[in-house]
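Participant: After the C-alpha cells below, expect a handful of questions from me.
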Amino acid sequence: MPSPGDAAPRRLPRLGIVIPARNEAQRIAAVLRSMPHQVEDQTSDVVRANGAIAIRHLVNLGKGAALTTGCLAALDMGCEVIAVMDADGQHEARDLPRFLDPIRRQQADLAVGVRRLTGQMPPAMRLGNWGLSTVFRFLTGVGIRDTQCGLRAFSAAAYPIIRWQAADYSVETEMLIRAARGHLRIAQVEIDVVYHDRYKGTTIGDGVKIFGDMLRLAVSR
C-alpha cells in the first residue's frame, strides 16, 4: 500500500476502440474477446453479445463513414484516446498496449501500424503498399513506411486535425495527409498481421482510386 508521501498513480486516458465491420459475423466475436479488458448481416448482433456497443448504418456507407460514426461516438463518451482496427482478425489485440504507449506518454499525436513484410501478405498488396507509401513520401516529405495499415490510434485532441471526408478506403491516406499538414507527431509501430481472407480488403481498383485521392488531397489546401 502506498504511503501518504507517495505520488498518486498516473491515470490512464480513457480509451475507445472503433472497429468498422461489414460481413464479419464469423470473426468479430474472436476480435472482441481478444480486447484488453452496420450492415445486412449478423455482425451487429455478435458485437452486442460480446459486450461492445454496435452502431449500425442502414446502408453500407463505406469504411471511412463507419470510422467517422464510431469515432464521434467514442468522443461523445469521453474517450481521450481512440484506436481503430479491422474486424477480420488481421490485427493482434496484444499489440495495442505497445501501440498506444507513445500517445499515452504524450510522445505522439498519432500512431500508425507498420505491417511486417512476410509471405502472408499477398504480393499485389505488398507492391501496392510500397508504391503508395513511396508516392506519399514524395508528395508530403513525410516518410510513412505503411500508409495503408488500418491499425491506428490518436488522441482526442488530434481528431479535429485529421478528421477525414473520405467515406471509402481512402480514409487512411487522407488521415495521414491531414496529420502531415497539421505537423502532428506520428509514431510508427511495427505489428504482426494475420491474413485470414486474402480475397478481402482493397482491390487494384481501390488502389488506383487511393492514388488519385492522394494526389488530389496533397495539392489541395
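Each reported figure results from applying straightforward, stated rules to the coordinates on display, with no laboratory input. This structure is a prediction, so every number in the text was calculated from the model and none was measured. Cβ: placed from backbone, ideal geometry, glycine included. Neighbour counts: every protein chain shown.
Participant: Would you mind computing, in nm to one decimal, how far apart the modelled labels at LEU75 and ALA30 are, each placed 7 Å from Cα along Cα→Cβ?
Facilitator: Taking the simple label geometry, LEU75 and ALA30 are separated by 3.4 nm.
Participant: I've got another one for you. Kindly identify the stretch 55-161 as rounded, prolate or oblate by the Cα gyration tensor criterion: order the square roots of the eigenvalues as a ≥ b ≥ c, call it rounded if a/c is under 1.5, otherwise compare a/b with b/c, prolate if a/b is larger, else oblate. Mind showing how you got there, number by number?
Facilitator: Values: a/c = 1.58, a/b = 1.30, b/c = 1.22.
Taking the square roots of the gyration eigenvalues as a ≥ b ≥ c, the stretch 55-161 is prolate.
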